[in-house]
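Below: one structure, written as structure tokens.
The values are calculated or read from the model by the stated rules, or taken from the named source; none is laboratory data. Keep in mind that this is a model prediction, so the values were computed, not measured. Heads up, the Cβs are rebuilt from the backbone with ideal geometry, glycines too, and the neighbour counts pull from every protein chain shown. The accessibility values were calculated without ligands, DNA or RNA, using every heavy atom of the protein model including side chains. Shrake-Rupley method; radii C 1.70, N 1.55, O 1.52, S 1.80 Å.
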Amino acid sequence: MGLAIGSGQNYRGWMSSDEQYPGDLDRALIEKMSLAEVEEVLSSGLEIDTASVTFLPPFVGSSKMICVGLNYVDHSAETGFKVPDYPTVFPRFPSSLIGHLAPIIKPVSSDQLDYEGEVAVVLLQGGRYIPQSEALSHVLGYSIFNDASVRDFQLRTPQWTIGKNFDGTGAFGPSLVTADELPAGAAGLSITTRLNGAVVQKANTNDLVFSVAKLISDLSQTMTLEPGDAIITGTPAGVGAGRKPPLWMKDGDVCEVEVEGIGVLRNTVRNEQANGRLGSNETGGRVVEHS
Ligand code: MG
């Protein structure tokens, strides 16, 4: 494991085997050191060739990952939902997360795997009853998220959680961009999702129904937000489920989410290997059931 800081082609950092390694980018680190201190330690580190590393999700161990649904007007329209007057939220569990370039897993149990390009927010400071006017000072940074969704499972019940938590469906990264590098609240950034190179979603973060500041403030009215908590801000129109006919991701597809000023999150879709099971729906092989 390692941690690096930089931009463009220039990254420096340390591996966990190095004495100077400050720790993983997690709650313990952001509570132990200021961003300036982390920057100083990493900047004196080894040159890192990002072409030769395995990307992990850029922040680990959030006590809460809160995803927001229906947060772009045109996405509500395409999915047949009313634009909400209060944020629609559901959790993402860490077991669903993958990093940049890791495969998004199409589960054996569904053919309705959809993409959702989104901006992710990670908090530096938590709190309760955070005023909207102060909310952005709580942000550590921003990243990119592909909230890949298994639609038939998502819509089996009024709660979407189950369709949003399949293993290997929460793509997160490639890096965390500190808040000072971006417009306040990551507003005014273009967000684009491409499937096999074709643009399938294109929007601007100005079109969020609930801004980053409003989300932090609203969520903190009900729960204590903690350092490292993440808010995944919702996806614009263009999802596969909103198309006629629907467009589902399949084995070999390459999905990219690009957010201006943050980067490009790229993942290839792979069929789930039926771990522990004999046969799969790809081969029509035998499935052994035991109870
Ligand atoms: Mg989403």
- request: Name the single residue, out of those in region 136-154 being charged (D, E, K, R) and open to solvent by 10 Å² or more (accessible area, probe 1.4 Å), that is farthest from the ligand (Cβ to nearest atom).
  value: Asp152
message: Looking at region 112-128 only, could you name the residues that are more than 16 Å from the ligand (Cβ to nearest atom), open to solvent by 50 Å² or more (accessible area, probe 1.4 Å) and more than 19 Å from Ser175 (Cα to Cα)?
response: Gln125, Arg128
query: Of (1) over 21 Å from Ala187 (Cα atoms); (2) assigned to a helix (DSSP H, G or I); (3) open to solvent by less than 40 Å² (accessible area, probe 1.4 Å), Pro57 satisfies all except one. Which?
result: (2)
- request: Look through region 111-144, keep the residues that are part of a loop (DSSP other than H, G, I, E, B) and under 15 Å from the mean Cα position of the chain (by Cα), and return whichever of them is farthest from Ala213 (Cα to Cα).
  value: Tyr115
- line: Picking from Thr157, Thr178, the residue that is modelled with pLDDT under 95 and more than 16 Å from the ligand (Cβ to nearest atom) would be Thr157
message: Restricting to region 145-170, name every residue that is under 18 Å from Thr88 (Cα atoms), outside any strand (DSSP E or B) and charged (D, E, K, R).
response: Arg151, Arg156, Lys164
query: In region 81-110, what residues are among the polar types (S, T, N, Q), open to solvent by less than 50 Å² (accessible area, probe 1.4 Å) and more than 13 Å from the chain's Cα centre (by Cα)?
result: Thr88, Ser110
query: Is there any pair with a first residue in region 159-179 that is on the phi < 0 side of the Ramachandran plot and without any contact (Cβ under 8 Å) to a residue 12 or more places away in the chain and a second that is surrounded by 20 or more Cβ atoms within 10 Å (Cβ to Cβ) and in a strand (DSSP E or B) whose Cβ atoms are under 8 Å apart and which are 6 or more apart or on different chains, and what are they?
result: none
task: Give the number of residues within region 82-110 that are farther than 30 Å from Asn271 by Cβ, within 16 Å of the ligand (Cβ to nearest atom) and assigned to a loop (DSSP other than H, G, I, E, B).
output: 3
query: Among the residues of region 226-244, which ones are surrounded by 23 or more Cβ atoms within 10 Å (Cβ to Cβ) and out of contact with any Ser or Thr (no Cβ under 9 Å at 6 or more places or on another chain)?
result: Ile231, Ile232
task: Confirm whether Pro131 is farther than 18 Å from Ile30 by Cβ, at pLDDT below 95 and open to solvent by 10 Å² or more (accessible area, probe 1.4 Å).
output: no
